[in-house]
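First up is the structure itself, then whatever we jot down about it.
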Amino acid sequence: MQTPGVSFIGKYQWQSTDKAPSGLRVRGDLYDKIPDDGHNVYLRVKIENYAWGKVKGVQKKAVKIDKVFYDGAVLKTKEVRMQVCLDRGSLQPDSCSEERLFARR
């Protein structure tokens, strides 16, 4: 996933439904591709019908991510949406990649 200024290179794998937490495991690196622009980067995640959440990056660096995204109420997440974004501050809208849908079959 990428958009100007940010990219995420990694692997995605559904955890087994008999393992807690059961959800989408994401491992990889979140990159700030334009280190001198003064903007932070983040991975944006939406689990099932819950609100969007963030995994923040760091300006001028790559951040390692190893996280399982899951719905704690159900423990058997079936759908996760993700995108990477460049945080452009409060006066301009963030620049985000297209949403990617990961669905368990």
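The values are calculated or read from the model by the stated rules, or taken from the named source; none is laboratory data. Bear in mind the structure is a predicted one, so any value in this text is a computation, not a measurement. Every residue, glycine among them, receives a Cβ derived from its backbone with ideal geometry; neighbour counts consider all protein chains shown. The protein model used for the area step is the full one, side chains on, heavy atoms only, and it has no ligands, DNA or RNA in it. Shrake-Rupley method; radii C 1.70, N 1.55, O 1.52, S 1.80 Å.
Just reorder 66, 71, 94 by solvent-accessible area, largest first, 1.4 Å probe, all chains present. Show your work: numbers first, answer last.
Details: 66 100, 71 10, 94 55 Å².
Ranked from most to least accessible, the order is 66, 94, 71.
Keeping every protein chain in place, order 91, 75, 43 by accessible area at 1.4 Å, biggest value first, i.e. largest first.
Numbers: 91 165, 75 75, 43 0 Å².
From most exposed to least exposed: 91, 75, 43.
Could you please state how large a percent of the accessible area of the chain is carbon and sulfur, counting protein chains only and using a 1.4 Å probe? Before the final figure, lay out each step's value.
Numbers: 3100 of 6530 Å².
Within the chain, the accessible surface is 47 percent carbon and sulfur.
Can you find, among 4, 23, 35, the residue farthest towards the positive end of the dipole of region 1-46? Put +1 on the C-beta of Lys and Arg, -1 on that of Asp and Glu.
Working it through, the farthest residue towards the positive pole turns out to be 23.
Along its three principal axes, how long is region 15-66 when you only count alpha carbons? Whole Å, largest extent first please.
44, 21, 11
In debye, nearest 20, what is the charge dipole magnitude of the chain about its Cα centre with +1 on Lys and Arg Cβ and -1 on Asp and Glu Cβ, if you could check? Before the final figure, lay out each step's value.
Details: 20 positive and 13 negative charges, 82 e Å.
For the chain, the charge dipole is close to 400 debye.
Translational diffusion coefficient, Stokes-Einstein: compute it for the chain using the Kirkwood radius over C-alpha pairs as Rh, at 10 °C and 1.306 mPa s, and state it as an integer in µm² s⁻¹. Please list the in-between numbers first.
Details: Rh = 14.1 Å.
Diffusion coefficient, whole number: 112 µm²/s.
Out of region 1-62, which trypsin sites (Lys or Arg not before Pro) are coil in DSSP terms and have no more than 13 other C-beta atoms within 10 Å?
19, 60, 61
When the label point is put 7 Å from the Cα of residue 34 along its Cα-to-beta-carbon vector, which residues of region 49-74 have a backbone N closer than 14 Å?
So the set is 60.
Would you work out the relative contact order for the chain, in percent, from Cα pairs under 8 angstrom that are 6 or more residues apart? Mind showing how you got there, number by number?
Working: 257 pairs, mean separation 31.0, N = 105.
Reported relative contact order: 30 percent.
Determine the sum of side-chain charges near residue 11: Lys and Arg each +1, Asp and Glu each -1, restricted to other residues whose C-beta is under 9 angstrom from that of residue 11. Let's see the in-between values first.
Details: positive: 25, 27; negative: none.
Result for the local shell: +2.
Any idea how far apart residue 12 and residue 58 come out in nm if each label point goes 7 Å out from Cα toward Cβ?
2.6 nm
Please calculate how many Å² of accessible area the chain carries per residue, with a 1.4 Å probe and no DNA, RNA or ligand atoms counted.
Per-residue value: 62 Å².
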